[in-house]
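Coordinate-derived values only; no laboratory data. Every value quoted in this text rests on a predicted model; they were computed, and no experiment measured them. No Cβ is skipped: glycine too gets one built from the backbone with ideal geometry, and neighbour counts run over all protein chains shown.
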Amino acid sequence: MINLWAGVTESWLKSARETALADNLRAQAFGITPENVDQVIQERSHLLKSIWPAFSQFCQTTLQAQPQDMLQVLWDVWLPLATKIASCRQDLKRPFIQGILGGQGTGKTTMCKVLSLILLQLGYRSVSLSLDDLYKTYSDRLELTQRDPRLIWRGPPGTHDIDLGLNVLDQIHQGSSPVTIPRFDKSAYGGAGDRTTPEVFTSADILLFEGWFVGARPINPDAFATAPPPIITDADREFARDLNCQLRDYLPLWERLDSLIVLYPTDYRYSLGWRQQAEQQMITTGKAGMSDSEIEQFVNYFWRSLHPELFIKPLVKNPALVDLVIEIHSDHSFGQIYSNVNVS
């Protein structure tokens, strides 16, 4: 594959140029115009060749996939997205905080790892932070569950240490050196999870802050009166309203984001199937996994907490809050990619 890209032909360049302009929404999202498309294609092909060795190794060791199979998504999505983030960092002239919202199975963790590889090649040191890394300690969550037995799993609003998150984001904004990033060990205490040793980085140009409700905003409580399943009973509606109130405490975190990307399944119910597939793969390797009924109970819990139809669907249509939307199909392929400022 390296040899293929080392000899880019004029016919290939013409095809790539036409493809880049064919999808108008994606072209606008990544700033591609008829005037600059030649330069964009040339720069992207050079970047591809430089990143290919590291990307190939990542595919084989981390994704257990052939790099050639991931080439198209690398070219169409990850390379232009990393270039866009790098450009924002350059324009800002200070560390840049990129929020990434994505539910279970949307690939946000993989995306962050690939973006970090590309950004490093572009000369920017990036650090990834998951919303999961901000969970309260095991002992604090035990006390929380005693106060509210409805919080049977970590994850919903109220189970995170917001002050810890604010401290991290402020370190990044101020260009602190070194930067201390908290980490969370999900395997501790029999899967209940707890804080583990933080990571220390000498510095960071870009923070990739990802999570299943990063950037989500409280909604009008009246919406829960006609909420979709699995918000069915009065107790479900009360739970949803209470977590909606908890979401207000996260707004200071979201205010520190410089940009927000949403990985948006074209049907939120895909996440149930994705989680079932992931568990089945774990079981086939000899690891413990949940049954389909247990997975359904687990996923429904999160849909009752912050239902995607109520919280995510309106968010992706708000150009004041979301900069880029990446649609995801049931087979994990990418659909439309668009910037809200370009969609009427």
*When the C-alpha atoms of the chain are aligned to their principal axes, what extent does each axis show, in angstrom, from largest down?*
65, 45, 44
*For all pairs of alpha-carbon atoms in the range 130-183, what percent lies in each bin of width 10 Å, listed from the first bin to the last filled one?*
24, 44, 23, 9, 0
*Helix 138-147 sits at what angle to the longest principal axis of the chain, using alpha carbons and giving 0 to 90 degrees rounded to 10?*
50 degrees
*Suppose every K and R has +1 on its Cβ and every D and E has -1 on its Cβ; what is the size of the dipole of the range 77-195 about the Cα centre, in Debye to the nearest 20?*
360 debye
_Stokes-Einstein D in µm²/s, Kirkwood radius over Cα pairs - the range 117-242 at 37 °C with 0.692 mPa s viscosity_ = 196 µm²/s
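If each residue of separation counts as 0.36 nm, what is the full-extension length gain between residue 90 and residue 281 once their alpha-carbon separation is subtracted?
On the way: separation 191, 0.36 × 191 = 68.76 nm, distance 4.12 nm.
Full extension of this stretch gives 64.6 nm more.
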_Within 10 Å of each candidate Cβ there may be at most 16 other Cβ atoms; applying that plus a DSSP loop requirement, which trypsin sites (Lys or Arg not before Pro) in the range 164-262 survive?_
186
*Could you give the alpha-carbon Rg of the range 218-344 over 2.2 N^0.38 Å, rounded to two decimals?*
1.20
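What area, in nm² and to one decimal, does the C-alpha convex hull of the range 281-320 cast on average over all directions?
Details: hull surface 17.1 nm².
One quarter of the hull surface, i.e. the mean projection, equals 4.3 nm².
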*Ranked highest first by the average count of other Cβ atoms within 10 Å around their residues, in what order do 208-214, 110-116 fall?*
208-214, 110-116
*What is the Cα centroid distance between the range 86-131 and the range 290-344, reported in whole angstrom?*
19 Å
*Under the rule of -39500 (n - 2.57) per DSSP H run of 4 or more residues, summed and divided by the residues of the chain, what mean residue ellipticity at 222 nm is obtained, to the nearest 500 deg cm²/dmol?*
-14000 deg cm²/dmol
*Paramagnetic label zone (point 7 Å from Cα along Cα-to-C-beta, residue 188; backbone N under 14 Å) in the range 134-172*: 134-142, 161
_Between 0 and 90°, nearest 10: helix 37-61 axis offset from the chain longest Cα axis_ = 60 degrees
*Ranking of 184, 96 by count of other Cβ atoms within 10 Å, fewest first*: 184, 96
_Degrees between helix 108-121 axis and first principal axis of the chain (Cα, 0 to 90, nearest 10)_ = 40 degrees
_Need one number: the % of Cα-Cα pairs in the range 156-225 sitting beyond the 16 Å mark._
62 percent
